[in-house]
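**Q** The structure's right below; bear with me while I get my questions together.
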Amino acid sequence: MTVEKTPLEGCLLIKPQVFKDDRGSFFESYNHKLFQEKTGLNVNFIQDNQSISQRGALRGIHLQMGDNAQAKLVRVVQGEVLDVAVDLRKGSPTFGKTYSIILNEENNFQLFIPKDFGHGFITLSKTAIFAYKCDNYYHKTSEAGVIYNDPTLNIDWQLPKKEFILSPKDQEHPTLEEFKS
């Protein structure tokens, strides 16, 4: 496993070692001890989540706030997504900056998203199975977000807007400017 820093402090790209042969492939998707050694982080993941989405499904940009903030380790089991992290830590030198990466079943990359970061993804393949670990339980009243099409963030979701499938909630998040205040 290799760990690469992203332009957003604390947000890490994790590349597992994949073993391939005539039968297929194998990789260790998570090893707590190795994760600690390679990242220097002592994160206690306590909940695993999984979603299945069709092409164009845009989920985000979400976060949990306050005592219920969550760090996440995200990956794609099947298919392909554009994964986006947004630094929403007030006072951070990279506040409002984004990092995007293609996660798919071929590269097996994982993205570690620190607490107080926004997170979203859009499904680029016909369908995708998206899995993630969280270090805190979901708490409905701690939900927050930033609108997916915020002009300041200027995220290239890599699909035409007419293909986007959004929940009503994801269409009502505040802009980055509104989130700041």
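No value in this document is a laboratory result; all are computed from the given coordinates. Note that the structure is predicted; figures quoted are calculated from it, not measured. Because the Cβ atoms are built from the backbone with ideal geometry, glycine has one as well, and the counts that use them run over all protein chains shown.
**Q** Any idea what the dipole of the range 60-104 comes to, in debye rounded to 20, about its Cα centre with Lys/Arg Cβ at +1 and Asp/Glu Cβ at -1? Walk me through the numbers on the way to the answer.
**A** On the way: 5 positive and 4 negative charges, 27 e Å.
Approximately 120 debye in magnitude.
**Q** Calculate, in nm to one decimal, what Ser92 and Leu34 gain on full extension: separation in residues at 0.36 nm each, minus their alpha carbon distance.
**A** 18.1 nm
**Q** Starting from the range 100-150, pick out the chymotrypsin sites (Phe, Trp or Tyr not before Pro) whose DSSP state is loop and whose Cβ has at most 16 other Cβ atoms within 10 Å. Could the numbers behind the result be given before it?
**A** Values: sites: Phe109, Phe112, Phe117, Phe121, Phe130, Tyr132, Tyr137, Tyr138, Tyr148; in loops: Phe109, Tyr137, Tyr138, Tyr148.
Listed in order of number, the matching sites are Tyr137, Tyr138.
**Q** Of Lys133, Lys5, Lys115, Lys180, how do they rank once you tally other Cβ atoms within 10 Å and put the fewest first?
**A** Lowest to highest Cβ neighbour count: Lys5, Lys180, Lys115, Lys133.
**Q** Quick check for me: using +1 on Lys/Arg Cβ and -1 on Asp/Glu Cβ, what's the dipole size of the range 83-151 about its Cα centre, in debye to the nearest 20?
**A** So the dipole magnitude of the range 83-151 works out to roughly 180 debye.
**Q** Go ahead and estimate [θ] at 222 nm for the chain from helices alone: -39,500 (n - 2.57) per DSSP H run with n ≥ 4, summed, over the residue count, rounded to 500.
**A** So the helix-based figure for the chain works out to -1500 deg cm²/dmol.
**Q** Suppose we flag GluC sites (Glu not before Pro) only when DSSP calls them loop and at most 12 other Cβ atoms lie within 10 Å. Which is the longest uninterrupted stretch of the chain?
**A** Counting at most 12 other Cβ atoms within 10 Å as exposed, the longest clean stretch of the chain is 29-105.
**Q** I need the trypsin sites (Lys or Arg not before Pro) found in the range 39-90, filtered to DSSP loop residues with at most 11 other beta carbons within 10 Å of theirs. Mind showing how you got there, number by number?
**A** Numbers: sites: Arg55, Arg59, Lys72, Arg75, Arg89, Lys90; in loops: Arg55, Arg89, Lys90.
Passing sites in the range 39-90 are Lys90.
**Q** Let me ask something else. Can you pull out the chymotrypsin sites (Phe, Trp or Tyr not before Pro) in the range 15-85 that DSSP calls coil and that have at most 14 other Cβ atoms within 10 Å?
**A** Answer by residue number: Phe27.
**Q** Would you work out the relative contact order for the chain, in percent, from Cα pairs under 8 angstrom that are 6 or more residues apart?
**A** Here the relative contact order equals 29 percent.
**Q** With the radius of gyration and the Kirkwood radius both derived from the Cα set of the range 28-120, what is their ratio Rg to Rh? Don't skip to the end; give the middle numbers.
**A** Details: Rg = 13.7 Å, Rh = 14.4 Å.
Value, to two decimals: 0.95.
**Q** How large is log10 of I(q)/I(0) for the chain at q = 0.09, 0.12, 0.13, 0.15 Å⁻¹ when the intensity is taken from the Debye formula with one equal scatterer per alpha-carbon?
**A** The Cα Debye sum returns log10 ratios of -0.30, -0.55, -0.64, -0.87.
**Q** Would you list, by chain and number, the lysines whose Cα falls below 28 Å from the Cα of Lys38, excluding same-chain residues fewer than 8 positions away?
**A** Cross-link targets: Lys5, Lys15, Lys20, Lys72, Lys90, Lys97, Lys115, Lys133.
**Q** Arranged by the count of other C-beta atoms within 10 angstrom, fewest first, what order do Val18, Val86, Val43, Val74 take?
**A** Val18, Val43, Val74, Val86
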